[in-house]
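Notes for the one structure printed next.
Just so you know, all these numbers are worked out from the coordinates, no wet-lab data involved. Not measured: the values here are computed from a predicted model. Virtual Cβ from ideal backbone geometry, glycine too; neighbours counted across all protein chains shown.
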Amino acid sequence: MGDRAPLTKISEVRRAHLVGIGGTAMTPLATILLQMGIDVTGSDLATNQAMGPLRSLGARIFFGHRAEHVGDVDIVVASSAVPEDNPELAIARARGIRTVKHSAALGSLMRERRGVAVAGTHGKTTTSALIAFILDRAGLDPTFHVGSELLNFGLFGRRGQGEWLVAEADEFDRRFLDYDPEIAIVTSVEPDHLDYFGSFQHVVDAFLSFVERVRPGGAMIVCCDDPVARDLPCHGTRITYGLADDADWRVTTWDPVDRQRSRITLRGPDGAGHDAEVALVGSHNAVNVAAAVATASHLRVPWSAIQEALAEFRGTRRRFELIGIAAGVAVVDDYAHHPTAIRATLAAARAHYRSPIWAIFQPHTAHRTMSLFDAFAGSFGDADHVILAPTYRPAGREANEDDPTVRSLAQVMNHPDAAVLSANKAVERVVTAAQPGDLVLVMGAGDIWTIAEPILEGLRTR
């Protein structure tokens with residue numbers, strides 16, 4: 001879809017139309033373009049929480065995709081989920097308006113700045129948000145583009161006046177190959193998006209191409225706990241982080257402080273210890289903190305400023321986000337949709353809550369579930385109760401067909417309490433059966449987050 005040739009300067013665009021403007025990648029891009037003074041229109045198939053802030057910045061948003069939504073614009077930008085036959089793309093081509101993918105537009109922004117690109121199967125959002133927040137608190141005023149709302153700012157993205165752009169770099173559709181960062185962070189490389197890549201080797205090949213795009217004299221910061229990330233070649237400065245003994249920035253201790261905060265000790269390259277407290281849960285997030293600290297330290301941000309920023313950081317939307325507590329039951333929402341992420345999230349829940357856990361999980365694409373079926377089946381050991389909701393199928397990626405995969409998954413996971421229920425039935429089950437002290441953990445990358453508030457409301461009135 002669209003022209004993937006590099007844009008020279010998106011800052012020279014006066015009017016832009018964004019197809020799929022409410023998506024997690026498109027929202028921060030739209031915000032940045034609006035703050036640059038570009039006239040932005042957009043369209044999407046449904047409303048969401050991000051559209052209010054976009055409208056307040058001046059965006060005009062249409063519902064549904066129709067040719068008449070494309071006005072007198074210089075460029076049409078579309079997310080990777082938008083199909084080739086989209087009527088707005090068709091009319092733009094017919095009128096000779098340039099059409100590009102989201103990643104081409106973000107790549108243009110990065111070429112005008114010094115880029116920090118955070119790639120990896122897991123941890124991209126939290127790590128990029130942490131880096132952006134630390135740099136902001138250190139006075140560097142970065143532009144940032146993150147796939148979730150930073151709770152400190154109430155924004156997915158922001159145009160800063162500083163020279164740095166911090167961006168989440170997604171491997172799906174090889175989007176990150178449109179970026180040329182000065183600093184590349186790789187958190188992990190695991191099988192994922194196999195409906196697009198076809199094989200894990202193709203995933204690895206994409207990451208190999210990504211790290212080759214680091215600018216001359218740049219740096220690569222990799223998690224040495226991940227064997228594939230650890231072995232990626234580096235042509236500039238190489239910095240490692242993680243739990244491994246030989247990491248340049250090593251997590252030496254991690255302890256829960258309460259249900260939403262952790263205390264972490266890092267050992268730096270000079271052997272000195274550094275203590276921090278942050279509103280993140282789980283050892284996996286301690287590793288994400290190490291990535292952010294390694295990056296900020298490479299940019300010569302003093303430890304005192306890093307430590308203060310970590311203490312102030314409130315996290316991002318849908319990353320172990322406490323939605324509320326009712327009838328003594330805590331309801332937490334999380335984006336986890338890959339077996340590794342599910343295991344890490346449940347392990348964090350067990351460490352921080354030490355109470356019965358209800359895991360309500362919505363698979364994200366049937367292809368991912370089938371490709372990683374055995375891994376999914378073994379991912380729910382830390383949950384006391386498991387509810388599997390029908391698979392979420394993103395528009396343009398999978399047809400909405402029968403869903404035998406979830407039923408099969410429930411049958412083979414060998415869990416003492418696993419059920420397949422609709423979203424509404426899941427709410428009824430939890431509201432009826434959850435006890436004071438329990439944790440309800442809603443997980444998935446689709447629309448399962450919408451049941452969190454009905455659960456709380458049901459608990460309040462039961």
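Between A311 and A67, the modelled labels are 6.1 nm apart [label points 7 Å from Cα along Cα→Cβ].
Restricting attention to the chain, close to 25% of DSSP beta bridges with both partner residues there are antiparallel. Sorting W358, W303 by the number of Cβ atoms found within 10 Å of their own Cβ, with the fewest placed first, yields W303, W358. Looking at the range 1-155 alone, DSSP beta bridges between its own residues are antiparallel in about 5 percent of cases.
Each residue in M51, M110 was given a count of other beta-carbon atoms within 10 angstrom of its own, and listing them fewest first yields M51, M110. Packing-based ranking of 77-86, 440-449 yields 440-449, 77-86, ordered from highest to lowest mean Cβ neighbour count within 10 Å. Taking every DSSP bridge with both residues inside the range 321-461, close to 20 percent are antiparallel.
Our estimate of slack between E277 and D417, defined as 0.36 nm per intervening residue step minus the Cα-Cα distance, is 46.9 nm. Per-residue Cβ neighbour counts within 10 Å put R318, R429 in the sequence R429, R318, beginning with the fewest. Per-residue ellipticity at 222 nm computed for the chain from its helices equals -9500 deg cm²/dmol, with DSSP H segments shorter than 4 residues left out and the rest contributing -39,500 (n - 2.57). Model label points for S199 and A46, set 7 angstrom from Cα along the Cα-to-Cβ axis, are 3.6 nm apart. Pairwise Cα separations in the range 338-462 fall into 5 Å bins from 0 onward with the following percentages, short to long: 2, 11, 22, 25, 21, 12, 5, 2, 0. Sorting the segments 65-72, 127-134, 412-419 by their residues' average number of neighbouring beta-carbon atoms within 10 angstrom, most packed first, yields 127-134, 65-72, 412-419.
Of all lysines in the structure, the ones whose alpha carbon falls short of 16 Å from that of K101, not counting any fewer than 8 places away in one chain, are K9.
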